[in-house]
1. Report the residue count in region 111-120 for those that are within 21 Å of Arg70 (Cβ to Cβ) and either among the basic types (Lys, Arg) or open to solvent by less than 40 Å² (accessible area, probe 1.4 Å) (or both).
2. Here are some residues: Ala350, Ala305. Which one is touching a residue at least 24 places away in the same chain (Cβ under 8 Å) and within 16 Å of the ligand (Cβ to nearest atom)?
3. In the list Leu493, Leu451, Leu477, which residue meets the criterion of being within 16 Å of the ligand (Cβ to nearest atom) and not assigned by TED's automatic domain parsing to the domain that holds Ala298?
4. Scanning for something within 15 Å of the ligand (Cβ to nearest atom), assigned to a strand (DSSP E or B) and among the small types (Gly, Ala, Ser), does region 370-385 turn up at least one residue?
5. Quick one: in region 313-341, of everything that is in contact (Cβ under 8 Å) with a residue 40 or more places away in the chain and within 27 Å of Cys2 (Cβ to Cβ), which residue is farthest from the ligand (Cβ to nearest atom)?
6. Among the residues of region 353-369, how many are within 9 Å of the ligand (Cβ to nearest atom) and open to solvent by 10 Å² or more (accessible area, probe 1.4 Å)?
7. Are any of the residues in region 270-287 within 16 Å of the ligand (Cβ to nearest atom), open to solvent by 10 Å² or more (accessible area, probe 1.4 Å) and touching a residue at least 40 places away in the same chain (Cβ under 8 Å)?
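The values are calculated or read from the model by the stated rules, or taken from the named source; none is laboratory data. It should be emphasised that the depicted structure is a prediction, and the values quoted were computed from it without experimental measurement. Glycine gets a Cβ as well: all are built from the backbone with ideal geometry, and neighbour counts include every protein chain shown. Areas reflect the complete protein model, heavy atoms only, side chains present, ligands, DNA and RNA absent. Shrake-Rupley method; radii C 1.70, N 1.55, O 1.52, S 1.80 Å.
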Amino acid sequence: MCGIVGYLGTLEAMPVLFDLLKRLEYRGYDSAGIAIAGNSIRTSKTKGSVDDLVSVTPNVHGNIGIGHTRWATHGRPTSANAHPHCDDARGIAVVHNGIIENYTEIKERLIGRGYEFRSETDTEVLPHLFGEHYCGDLEASVREALSDVRGSYALAAICESEPDKIVVARKGSPLVLGVCGSDFFVASDVAGILKYTRDVIFVEDGEIGVITGDGIRLTTLDGTPVERDVETMDLDPEAAEMSGYEHFMLKEIFEQPAVIRETFSGRVSSGGIDLDLGMDLRDVERIVVLACGTSHNAGLFGRYAIERFSKIPVVVEVASEFRYMNPIIDDRDLVVAITQSGETADTLAAMREAGSRGCKKLGIVNVLGSGMTRECECLFTRAGPEIGVAATKSFTSQLAVLLLLSVALGSDRKVLSTASVNEFVYELRQLGGNIQRVLNDAPAIKECAALFTDADRFLFMGRGANYPIALEGALKLKEISYVPAEGFPAGELKHGPLALISEGVPVIAIATRDTVYDKLLGNIKEVEARGATVVGIASEGDTEITKYVNYVLRIPDTNPLIAPILSSVVLQLFAYYVAYHRGCEIDKPRNLAKSVTVE
Ligand code: AGP
């Protein structure tokens, strides 16, 4: 969703801010703006893209500035609603992510005192509040004003009377500061500043930071000094670059062999699986998984793996529903939140709700330093920055971590013998190479996808652990190609989805060899008899399948609980190429944001 940037240093701020904003474009936005500090604050903002902003902004000199990409929540995507918002009387400009929940009452109070508002946003109360408290010290006025504010924020403010500093604050929305000699950067996430520096400070909830040429000073909201060391991120600056690929999504799909090796590094060896979890899970009687979107689909897969390998019962809940459910959770439960960004508002809130009931908590998270890492012990998926809005490598790495967790639990509880763990580990260690073999087939998948460029709907079906993969295949396709797509468990066909089948409707059937393979062939027969065009995803060496489907896409033969990862890669490429052939905006699909930081 919205992105915040800021720069203070030795370079001209304007081009740096534009570059930082471009790097946050993937978060999703509909308007953009910047403000440069000087004798006066010079702002430029527009509805549309960062490129539009560049084209309407006159050259402004200055070494300090802030910028924003806005994803409309309060008020339409217009130039007036774009950030920065300003208090002209005091010369204060503010960019803000999050939602000010009590903005209506603050706004009415400020209007009563003669303040004029120019936008429909909640954010505009902030510069006026800061202005109201301003007595020559921006930091002090931000501190005082924020005590009146309810809601979430990551914000950056500059002031024309103190043109040598940026003041930042955080509560509930991500904020990271980058350091490179005398140059300082502000961003909503590390991917934004990775080109400039890997040395960062994560601002924590309830903290205020003051950035000047002398460095960064952090305090809590009540003014207590905070000491925090600069962390060096173990990330390749190339990780946030396109590196010759046409889209980030394609690059991220092709990174998966390396990602899986990284996910397994130090955790999977011939000695078994070692997750180095800092918690004792022997007493856990039930696992409750909380997640949204793709991460929820990963959770559904996790249920099959965990119940199969450890015999611990699992329930999987959509986080946005769970938080309002009055859930029955207690200290016998392990609650697992799965989130790529670690910042999804509903998942964070659901985890807090569960935690208040005394359960054990574990996060499966990709982004280091994200909100979820402050809520609980986390297992990192180690997929690296994921820029494409459509989750790809983060999904397969979540599936991989869930497999490791389920085998570790099964082994601890003696449900799995050493021999079966070793056998599974042997198959796991082939996974990176097997993903590469799927990727080598990309031209065939591209050709197959081209046949369906004009399809007006798709159905995806699977059974068992392939059912969540069917859901994910459908989500991926609709997200980036805007074609209606439904995933369902093939056994449900006759309970509804069969009504959608007519001549030529494409059905993607995940038909890899497992215990329900024969049942799935029966389901394929049912759709085929009604005119569907069936694409089967099948194991290498399966000759039977060709009698049932119109087209076959192959994956290497492997364990039935590892095969879904390979099928996911096929479906990612399939979705990518359908969207590609349709000429869609693949990395930034309409209306979507990479991390959903508001409810
Ligand atoms: C996936 O392609 C989507 N972008 C979306 O469903 C995403 O998985 C969901 O918003 C959850 O995000 P998270 O994993 O960062 O919590």
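1. Total meeting the criteria: 2.
2. Working: Ala305 fails: within 16 Å of the ligand (Cβ to nearest atom).
Matching residue, one of Ala350, Ala305: Ala350.
3. Numbers: Leu493 fails: within 16 Å of the ligand (Cβ to nearest atom); Leu451 fails: within 16 Å of the ligand (Cβ to nearest atom).
The match here is Leu477.
4. No - not one qualifying residue is present in region 370-385.
5. Among those residues, the one meeting the criterion is Ser320.
6. So the count comes out to 2.
7. First pass over region 270-287, keeping only residues within 16 Å of the ligand (Cβ to nearest atom): none.
No, there is no match, as no residue in region 270-287 is within 16 Å of the ligand (Cβ to nearest atom), open to solvent by 10 Å² or more (accessible area, probe 1.4 Å) and touching a residue at least 40 places away in the same chain (Cβ under 8 Å).
Rundown of residues vs (1) modelled with pLDDT of 95 or more; (2) in a loop (DSSP other than H, G, I, E, B); (3) open to solvent by less than 10 Å² (accessible area, probe 1.4 Å), yes/no style:
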| residue | (1), (2), (3) |
| --- | --- |
| Asp122 | no, yes, yes |
| Leu129 | yes, no, yes |
| Val167 | yes, no, yes |
| Lys171 | no, no, no |
| Gly192 | no, no, yes |
| Glu204 | no, yes, no |
| Gly209 | yes, no, yes |
| Arg217 | yes, no, no |
